[in-house]
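First comes the structure, then the notes that go with it.
The values are calculated or read from the model by the stated rules, or taken from the named source; none is laboratory data. These numbers were taken from a predicted model, which means no experiment stands behind them. For neighbour counting, all protein chains shown are included, and Cβ atoms are generated from backbone atoms with ideal geometry for every residue, glycine included. When the accessible area is computed, the model is the full protein with side chains, heavy atoms only, and any ligands, DNA or RNA have been set aside. Shrake-Rupley method; radii C 1.70, N 1.55, O 1.52, S 1.80 Å.
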Amino acid sequence: QVQLVESGGGLVQVGGSLRLSCAASGSIFSINTMGWYRQAPGKQRELVAAITSGGRTNYADSVKGRFTISRDSAKNTVDLQMNSLKPEDTAVYSCNADVDTGTGWALERGNYWGQGTQVTVSS
């Protein structure tokens, strides 16, 4: 099994910054794409940013230029640096990862979620 544990959420004022971290643990052979999603009250969950194992990144238009995703493949972690935060960034942020588990000749790919962390931006 694989566990994703997030940290770093909280309350911040408009224009402030927060850094979210997510650590994956368990029977991991390799991790492919890792990403951050968010869900605000009454809205659908949306992709915020993702990063492939090769370092290619993808961002939602609403966060481009303000958020930066990064990962440490050796530590199985992914971070989201959030700057110039706006009230509309308020949401529960969840880490997601495509993970291969098992041994080299019997790999299984699964998609895993963290428990989520609240980010609240006050005006």
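Would you mind classifying the range 15-123 by shape? Square roots of the alpha carbon gyration tensor eigenvalues, ordered a ≥ b ≥ c; an a/c under 1.5 is rounded, otherwise it is prolate if a/b is larger than b/c and oblate if not.
Since a/c reaches 1.5 and a/b is larger than b/c, the shape of the range 15-123 is classed as prolate.
Counting only heavy atoms of the protein chains, get the accessible area per residue of the chain (1.4 Å probe) and round it to a whole Å² value.
Working: 6570 Å² over 123 residues.
I get 53 Å² per residue for the chain.
Excluding V121 itself, what net charge comes from residues whose Cβ is under 10 Å from its Cβ, given Lys and Arg +1 and Asp and Glu -1?
Net of charged neighbours comes to -1.
Which percent of the accessible area of the chain is formed by carbon and sulfur heavy atoms (probe 1.4 angstrom)? Don't jump to the answer; show the numbers that get you there.
On the way: 3100 of 6570 Å².
Exposed carbon and sulfur together represent 47 percent of the surface.
Can you compute the charge dipole magnitude of the chain about its Cα centre, using +1 on each Lys and Arg Cβ and -1 on each Asp and Glu Cβ, nothing else charged? Give it in debye, rounded to the nearest 20. Kindly include the intermediate steps, with their values, before the conclusion.
Values: 11 positive and 10 negative charges, 46 e Å.
It works out to roughly 220 debye.
Normalised by the residues of the range 5-123, what does the relative contact order come to in percent, with Cα pairs under 8 Å and at least six apart? Intermediate values should be presented prior to the final figure.
Details: 288 pairs, mean separation 42.5, N = 119.
So the answer I get is 36 percent.
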